[in-house]
Amino acid sequence: MKAIVTWKQDLIFKGETDSGHSQELDCDGTILTPMESVLISVGSCSSIDVVEIMKKSRQEITDCRCELTATRAETAPRVFKSIHARFVVSGKNISEKHVARAVSLSCEKYCSVMLMLAGNVEITSDYRIE
């Protein structure tokens with residue numbers, strides 16, 4: 001995997017991957033910031049796992065949302081201190097046991113973004129079935 005980050009103007013940068021995808025980021029919040037991108041990556045990566053695990057368990061999942069709450073250090077470097085991920089899963093006859101298992105497997109075994117942050121960031125999770 002490779003990427004190139006190019007300065008556009010002010011504090012706006014464009015990241016491009018070798019797969020052809022791109023994204024602009026900046027630090028003042030007018031567009032996505034790098035830290036927001038990391039937080040979204042945590043939710044996206046883990047949600048992919050939850051959906052795949054639920055489908056493999058033959059659960060009739062119709063929706064999965066990951067609501068993320070993070071706290072950051074007050075001073076530079078303003079790293080994440082904690083991230084909480086709440087998975088909200090909807091579907092027909094969804095088993096709580098299967099949701100709990102999917103969330104646990106994602107957070108503890110499969111989500112590469114969460115696992116990369118583990119040890120440096122306190123990561124917690126829970127779930128709700130709608």
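What follows draws every value from the coordinates through simple rules; no lab data is involved. As the structure is a computational prediction, the values presented were derived from the model and not from experiment. Please note: Cβ atoms are built from the backbone with ideal geometry, for glycine as well, and neighbour counts cover all protein chains shown.
Taking the highest mean first, how do the peptides 71-78, 43-50, 28-35, 120-127 order by number of other beta carbon atoms within 10 angstrom per residue?
Those peptides, ordered most packed to least, come out 43-50, 120-127, 28-35, 71-78.
Roughly what % of DSSP beta bridges within the chain run antiparallel, to the nearest 5?
70 percent
Once you place label points 7 Å from the Cα toward the Cβ at Ser104 and Ile12, how far apart are they in nm?
Between Ser104 and Ile12, the simple spin-label model gives 4.7 nm.
Compute the acute angle (0 to 90°) between the alpha-carbon long axis of helix 96-105 and the principal axis of greatest extent of the alpha-carbon atoms of the chain; round to the nearest 10°.
Orientation of helix 96-105: about 40 degrees from the principal axis.
Using R₀ = 30 Å, calculate the FRET efficiency as 1/(1 + (r/R₀)^6) where r is the Cβ-Cβ separation of Ser57 and Ser22; round to 0.05.
0.25
What's the angle, to the nearest 10 degrees (0 to 90), between helix 34-56's Cα axis and the longest principal axis of the chain?
20 degrees
Would you mind classifying segment 1-104 by shape? Square roots of the alpha carbon gyration tensor eigenvalues, ordered a ≥ b ≥ c; an a/c under 1.5 is rounded, otherwise it is prolate if a/b is larger than b/c and oblate if not.
Verdict is prolate for segment 1-104.
Output the pairs from Lys55/Lys109; Lys56/Lys97; Lys8/Lys81; Lys81/Lys109; Lys55/Lys81; Lys14/Lys109 with a Cα-Cα distance over 23 Å in this structure; if there are none, say none.
Lys8/Lys81; Lys55/Lys81; Lys14/Lys109
How far apart, in nm, are the 7 Å Cα→Cβ label points at Arg72 and Ile31?
1.8 nm
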